[in-house]
1. Hey, rough spin-label estimate for D191 and T224, points 7 angstrom out along Cα→Cβ, what's it come to in nanometres?
2. What is the total of Lys pairs in the chain with C-alpha atoms under 20 Å apart, excluding same-chain pairs fewer than 8 positions apart?
3. For the chain, what does -39500 (n - 2.57) per DSSP helix run (n ≥ 4), summed and divided by total residues, give at 222 nm, in deg cm²/dmol to the nearest 500?
4. Using 12 Å as the cut-off for backbone N distance, which residues of the stretch 288-309 belong to the label zone defined by a point 7 Å from the Cα of Q278 along Cα→Cβ?
5. Over the stretch 106-188, what is the percentage of antiparallel beta bridges among all DSSP beta bridges, to the nearest 5?
6. Spin-label point model (7 Å from Cα, Cβ direction): what's the S129 to W29 distance in nm?
7. Cα-Cα pairs above 26 Å in the stretch 105-246: how many percent?
8. What's the center-to-center distance, using Cα atoms, between the stretch 258-277 and the stretch 77-94 in Å?
Amino acid sequence: MRMVTVGTRGSTLALAQTHWVVARLKEEWPDTDFRIQTISTGGDRNRGSLEAMAQKGDKGFWVKEIEDALLGGRIDIAVHSLKDLPTEQPDGLEVSAIPRRVDARDVLIGKEGMKKLSELPQGARVGTSSVRRKAFLRAYRPDLQIVNLRGNIDTRLAALAGDEYDAIILAAAGLIRTEMRHRIDEFLEPDILLPAPGQGALALETRADDDLSIEVAYAIHDHTTDDRITAEREFLAGLGAGCMAPVGAHATVKGGVLTLEGWVGALDGTKVIRGTTQGDPGECADLGAELAADMLNQGAQALIDAARE
Ligand SMILES: NCc1[nH]cc(CCC(=O)O)c1CC(=O)O
């Protein structure tokens with residue numbers, strides 16, 4: 001029997017999404033044996049230095065050890081949250097499949113009486129460490145207090161039970177995949193808050209010359225999701241930004257037309273630039289690059305640089 005080893009981080013979310021991927025792969029390849037191997041990354045071991053690493057431009061904080069395991073042949077397919085995966089893969093590796101996206105939106109989870117963002121009382125304390133979510137909150141509700149909140153989904157939900165936070169913001173997909181959809185109080189629609197590029201999507205990464213694993217992974221590839229996230233990620237790459245930038249993007253495909261919306265915000269909330277473009281889904285990469293160029297012309301670079309400091 002053919003055997004494929006699927007690697008991922010050991011967090012609840014990483015394992016939940018990898019079990020989902022393996023179940024989907026097993027439907028397509030009933031005669032293949034799948035094994036799951038967990039790998040601890042710099043991000044798992046060393047949370048305190050996350051910001052320092054980001055400032056040094058180390059984008060691969062969550063993926064380096066996993067990519068080393070792929071290159072070393074200890075695993076054959078890696079499962080990543082797409083939004084944590086740098087837009088360029090190292091030599092010898094490639095993204096071979098993008099499964100269907102679940103839900104790209106961010107959500108609010110709040111204490112009693114704190115269950116809608118627009119209705120939070122003056123000065124309410126909202127937990128997040130994402131620069132995108134911070135920049136958005138400061139622009140949208142300058143009165144709110146933003147309190148840093150790190151850690152896995154479980155840690156963040158546990159923190160809300162204490163008394164430091166009135167509400168927190170998380171990605172819907174993470175809660176849905178870990179069977180915590182019932183905890184969601186409000187879905188923040190993209191017209192209010194644009195999600196991170198690639199949020200809610202997964203990426204299956206393989207060795208570029210491993211035809212067998214590529215074929216296995218590609219069985220659960222979803223073309224529409226791929227077009228959408230390609231537009232979003234080309235937009236991010238076109239801005240010269242990574243997953244730690246105050247950048248949101250969301251693409252949809254309806255009636256054969258791809259619509260890409262982009263957002264860049266000042267970390268202090270004093271300025272936001274928002275743009276949109278439409279075209280053929282086959283041109284998704286160009287659409288992302290064009291929107292990035294358009295927003296650079298409107299001054300996006302200064303906002304991205306300011307958030308690095
Ligand atoms: N950066 C952490 C991370 N990476 C992926 C998800 C959630 C799942 C997803 O966006 O696909 C999260 C947590 C969060 O942002 O709430």
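1. Label at D191, label at T224, 2.1 nm between them.
2. 10
3. Rounded to the nearest 500, it is -10000 deg cm²/dmol.
4. Correct set: none at all.
5. Antiparallel bridges: around 60 percent, rounded to the nearest 5.
6. 3.5 nm
7. 33 percent
8. The distance from the Cα centre of the stretch 258-277 to that of the stretch 77-94 comes to 25 Å.
Coordinate-derived values only; no laboratory data. Keep in mind that this is a model prediction, so the values were computed, not measured. Ideal geometry is used to build each Cβ from the backbone, glycine not excepted, and the neighbour counts take in all protein chains shown.
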